[in-house]
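Below you'll find the structure, written out as structure tokens, and then a few comments.
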2 protein chains.
Amino acid sequence: MPRRTSRDIRSDSMIDVLHAVLSAGETTRNDLMRSTGLSPATVVTIVNELIEADVLAETKVSAGRVGRPTSIFGMNAARGRILGIDVAETYVRATMFDTALNQVSYTESARDEHVLEPGSIVETIGLVVDELLQSEGVCREGVLGAGISLPGLIQEPSGMAVVVPNWEWRSVELDRLRERVGLPLVIDNPLKAMVNAERWLGRGRSAASLATVNLGTGVGAGIVLEGEVLRGATNSAGEWGHSLLMLDGRLCRCGRRGCVEAYIGVPGIQHTLRELAPSHPLADVELQSDFISLLAHAAESSTPDDAARETVARTAYYLGSALADLVAVVNPDVVTLTGWTTWALGGQLLSPARERMRSQSPGRAGAAVELEISAVRGNPVVTGIAMIALERSLVDAGLLTTRIPVVL
Amino acid sequence: MPRRTSRDIRSDSMIDVLHAVLSAGETTRNDLMRSTGLSPATVVTIVNELIEADVLAETKVSAGRVGRPTSIFGMNAARGRILGIDVAETYVRATMFDTALNQVSYTESARDEHVLEPGSIVETIGLVVDELLQSEGVCREGVLGAGISLPGLIQEPSGMAVVVPNWEWRSVELDRLRERVGLPLVIDNPLKAMVNAERWLGRGRSAASLATVNLGTGVGAGIVLEGEVLRGATNSAGEWGHSLLMLDGRLCRCGRRGCVEAYIGVPGIQHTLRELAPSHPLADVELQSDFISLLAHAAESSTPDDAARETVARTAYYLGSALADLVAVVNPDVVTLTGWTTWALGGQLLSPARERMRSQSPGRAGAAVELEISAVRGNPVVTGIAMIALERSLVDAGLLTTRIPVVL
């Protein structure tokens, strides 16, 4: 059991303050006392420390009608740059942020998913980083750190990092990655990155426990309990996409049968349409993103398209059923939906999925849980992994004590 | 997000010490330093404080060949009595423990599950308590407290306690219960009680994260993460028995379809046998406990009973599949099995269920997780709820800061 110290408690208070500042954009000490519930002395000490460390910056001083002028401050955007990099089977997407988490620039690069040789993957990541830096004329010294999300990153008891499926990276490959990128690195898996965005920038500000569900080609959940990301024994917690919806059901791309993902991942949704109407014009659309937007359009169209509507209805039924399982086991305050299927189809899925989730959750857990579309837009993996890199820079500065799994 | 203080940290260290003492029976300060990893100063301070508070007692002093004599101590069994009471739909079972958690006496009383009137349930509990006290000639002043496990106890944001299913107890009924029992009370639900036994007396001593799965008429899981019981937003976490094994599958007694419990709860196991061999002699055995012991016997018998063997094999397949879902979401270090189905059939289920669990868990979570039969024997609900009552007495004494949900 990891031991907590009084430094951890100070760190928790600091996280609350940073949460509140990120949420408010600009704020004052008095507002922070109200929004965090911390004592005036604690808020003053922490804000002064964060200003001293250049994490917060005073933006203006407002002279009130009475009393002393009030200092207004926010995140110090000029402290440096942070990179967030989402490495997936078929692409590398990367964003440069400033230290107030504003997006500065973006780039992406396609990957051939059949190329598994680590050197090639490392080089693709390196080129994306070079491009981001060059496009903005930023040198490496101006970057506080980079976060890299690698698919299926796990941790073994030895502390060594391994990447699954299909990749086997150990310390040699990770060393090579660090050398090529040439920046302080943090590495995590996409579910942990994604829920970290929700934790810092979304519902994590107000909910003690939450699950964030990513809907795309693959599906998965990130879980936050009492403000901390649930990692599990091997950093693999949240693989709800590969929990059972149907014993011995549809074959999943993971090789097992009946996984949630085989029903509500995009190929699963298309499978549902094909079951309902094998010759439907959308049954063979090749690009997944095209399929989802066309399906969303067809299901809402004034021209009746029963198969499209039924596909959306069944997807909501599957989603709500599977969410009820997550609620049964974890009993969170709120579940949020994110990912590109959510952006395209979430509006149609939300209400029926919520109803099904609530009716299928045992006891009163269902009545107590909220289902919402995440307010964190864009690519939550990129944003979340950048946020972990920013956190790491605060840990390095001695301000936070968060445990970050893989730091290079 | 609950705030942690330096008192919580002291409390964590004290829990580690108590864990180690409960585990060892008798121990020394030097042994505690080794087994807890705490500093000598911390161990000395905490042990002195616990001896001062009569929680620990010196049992003997051993004179070594060199140096000062060594003080040997253990839990102080004479501090008082603790009652653990498991109220289920069809029975009330209660055990009196001493403060070293040794069983002093036991009683049980049948309940008519159709009687839902709170006054009658309260009176049954009261009579069981009276009987325990009278049989041992213990007066109420000699009892530190009682723990009562109530089926489906949840908590609402208002802090009010409600009991489901079928019972609706609020503060009026809980007040009546407190008055009738006349002892300091803690109340929790069976899953939280059960996992608390594992946390204090079983695998919780060595594993940071664990799930304990109860197999009986109903099934459910208790979850411990980083040493703390996962409660969830409404104290309903761990209702894995009502997560899906099979969408739209067998009707569960909870009214939903396809729940894990409908396959591996005892009536579910009998359902499997009936599917395989409707006229099998065990298909209509009425008493669940008889059915399970006869099935265990038939499946191991030298006289071939294919239906019994296949029933056990399918139950292990269902169990392993459902455990893989728990592993996917929570990624614990270890899963333990408990409850009376486990005592009767666990030896036959363990190995095939473990294999299925591991092969069905995503990534490497399956390879990392252990599946074991719990070393905490007897009724883990009774033991666990008594342990919560003991914990509460330590909280009242200002020694621990554990948050206990319902304290009357």
_Kindly evaluate residue B:241 against the criterion of being outside the structural domain of residue B:119 (by TED's automatic domain parsing), assigned to a helix (DSSP H, G or I) and within 26 Å of residue A:259 (Cα to Cα)._
yes
*So is residue A:319 over 26 Å from residue B:328 (Cα atoms), more than 9 Å from every other protein chain (Cβ to nearest Cβ) and buried (at least 21 other Cβ atoms within 10 Å of the Cβ) or not?*
no
*Which one is most open to solvent (accessible area, probe 1.4 Å), of the residues in the range B:63-80 that are under 16 Å from residue B:32 (Cα atoms) and not aromatic (Phe, Trp, Tyr)?*
B:70
*Do you know which residues across the range B:1-53 are acidic (Asp, Glu) and touching a helix residue (DSSP H, G or I) at 6+ places or on another chain (Cβ under 6 Å)?*
B:16
*What single numbered condition from (1) among the hydrophobic types (A, V, I, L, M, F, W, C); (2) closer than 23 Å to residue B:246 by Cα; (3) within 11 Å of chain A (Cβ to nearest Cβ) fails to hold for residue B:369?*
(2)
*Only residues in the range A:198-220 that are more than 20 Å from residue A:239 (Cβ to Cβ) count as the first member; pair them with residues that are of a type in the set (Gly, Ala, Ser) and at pLDDT 95 or above, Cβ under 7 angstrom, at least 6 apart or cross-chain, and list the lot.*
A:202/A:374
_Residue check, residue B:23 assigned to a helix (DSSP H, G or I), modelled with pLDDT under 90, outside the structural domain of residue B:400 (by TED's automatic domain parsing) and over 22 Å from residue B:104 (Cβ atoms)_ = no
_Among the listed residues A:35, A:39, A:13, identify the single one that is within 14 Å of another protein chain (Cβ to nearest Cβ) and without any contact (Cβ under 8 Å) to a residue 12 or more places away in the chain._
A:39
*Go through the range B:1-38 residue by residue and tally those that are farther than 30 Å from residue A:207 by Cβ and open to solvent by 50 Å² or more (accessible area, probe 1.4 Å).*
9
_Condition first: open to solvent by less than 10 Å² (accessible area, probe 1.4 Å), more than 14 Å from chain A (Cβ to nearest Cβ) and of a type in the set (Gly, Ala, Ser). Now tell me which residues in the range B:322-352 satisfy that._
B:339, B:346
*asked:* Please list, ordered by residue number, the strands (runs of 3 or more DSSP E) wholly in the range A:64-142 having 2 or more residues that are within 21 Å of the chain's Cα centre (by Cα).
replied: A:81-87, A:91-98, A:103-110
*Looking at the range A:241-264, which of its residues are more than 7 Å from chain B (Cβ to nearest Cβ), of a type in the set (A, V, I, L, M) and farther than 23 Å from residue A:189 by Cα?*
A:251
*Which listed residue, of A:276, A:295, A:247, is open to solvent by 30 Å² or more (accessible area, probe 1.4 Å) and either outside the structural domain of residue A:210 (by TED's automatic domain parsing) or modelled with pLDDT of 95 or more (or both)*: A:276
*Sort out which residues of the range A:201-240 are facing another protein chain (nearest Cβ under 9 Å), closer than 29 Å to residue A:36 by Cα and of a type in the set (Val, Ile, Thr), and write them in order of number.*
A:223
_Between a residue in the range B:376-395 that is touching a residue at least 12 places away in the same chain (Cβ under 8 Å) and among the polar types (S, T, N, Q) and any residue that is open to solvent by less than 20 Å² (accessible area, probe 1.4 Å) and in a helix (DSSP H, G or I), which pairs come within a Cβ distance under 7 Å, given they are 6 or more apart or on different chains?_
B:383/B:197
_Only one of B:182, B:142, B:137, B:147 that is open to solvent by 10 Å² or more (accessible area, probe 1.4 Å), in contact with a helix residue (DSSP H, G or I) (Cβ under 6 Å, 6 or more places away or on another chain) and away from chain A (no Cβ under 11 Å)_ = B:182
*What number of residues within the range A:52-111 are acidic (Asp, Glu) and not assigned by TED's automatic domain parsing to the domain that holds residue A:392?*
3
*Residue check, residue B:300 of a type in the set (D, E, K, R), over 30 Å from residue B:53 (Cα atoms) and more than 14 Å from chain A (Cβ to nearest Cβ)*: yes
_Residues (open to solvent by 10 Å² or more (accessible area, probe 1.4 Å) and at pLDDT 80 or above) located in the range A:150-171_ = A:151
*From A:296, A:307, which residue is more than 22 Å from residue A:370 (Cβ to Cβ) and touching a His at 6+ places or on another chain (Cβ under 7 Å)?*
A:307
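For every residue, the table says whether it meets (1) closer than 26 Å to residue B:397 by Cα; (2) open to solvent by less than 10 Å² (accessible area, probe 1.4 Å); (3) hydroxyl-bearing (Ser, Thr, Tyr).
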{"site": "B:194", "(1), (2), (3)": "yes, yes, no"}
{"site": "B:201", "(1), (2), (3)": "yes, no, no"}
{"site": "B:208", "(1), (2), (3)": "no, no, no"}
{"site": "B:218", "(1), (2), (3)": "no, no, no"}
{"site": "B:222", "(1), (2), (3)": "no, yes, no"}
{"site": "B:226", "(1), (2), (3)": "yes, no, no"}
{"site": "B:230", "(1), (2), (3)": "yes, no, no"}
*Using the structure shown, decide if residue B:301 is open to solvent by less than 40 Å² (accessible area, probe 1.4 Å) and touching an Asp or Glu at 6+ places or on another chain (Cβ under 7 Å).*
no
*Working carefully through the options A:277, A:322, find the one that is touching a residue at least 24 places away in the same chain (Cβ under 8 Å), closer than 23 Å to residue B:220 by Cα and of a type outside the set (S, T, N, Q).*
A:322
*Got at least one residue in the range A:354-361 being under 30 Å from residue B:255 (Cβ atoms), more than 14 Å from every other protein chain (Cβ to nearest Cβ) and among the aliphatic types (A, V, I, L, M)?*
no
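The values are calculated or read from the model by the stated rules, or taken from the named source; none is laboratory data. None of the values given here were measured: they were computed from a predicted structure. Backbone-built Cβ (ideal geometry, glycine too); neighbour counts: all protein chains shown. Protein only, heavy atoms only, side chains kept; ligands, DNA and RNA dropped before computing areas. Shrake-Rupley method; radii C 1.70, N 1.55, O 1.52, S 1.80 Å.
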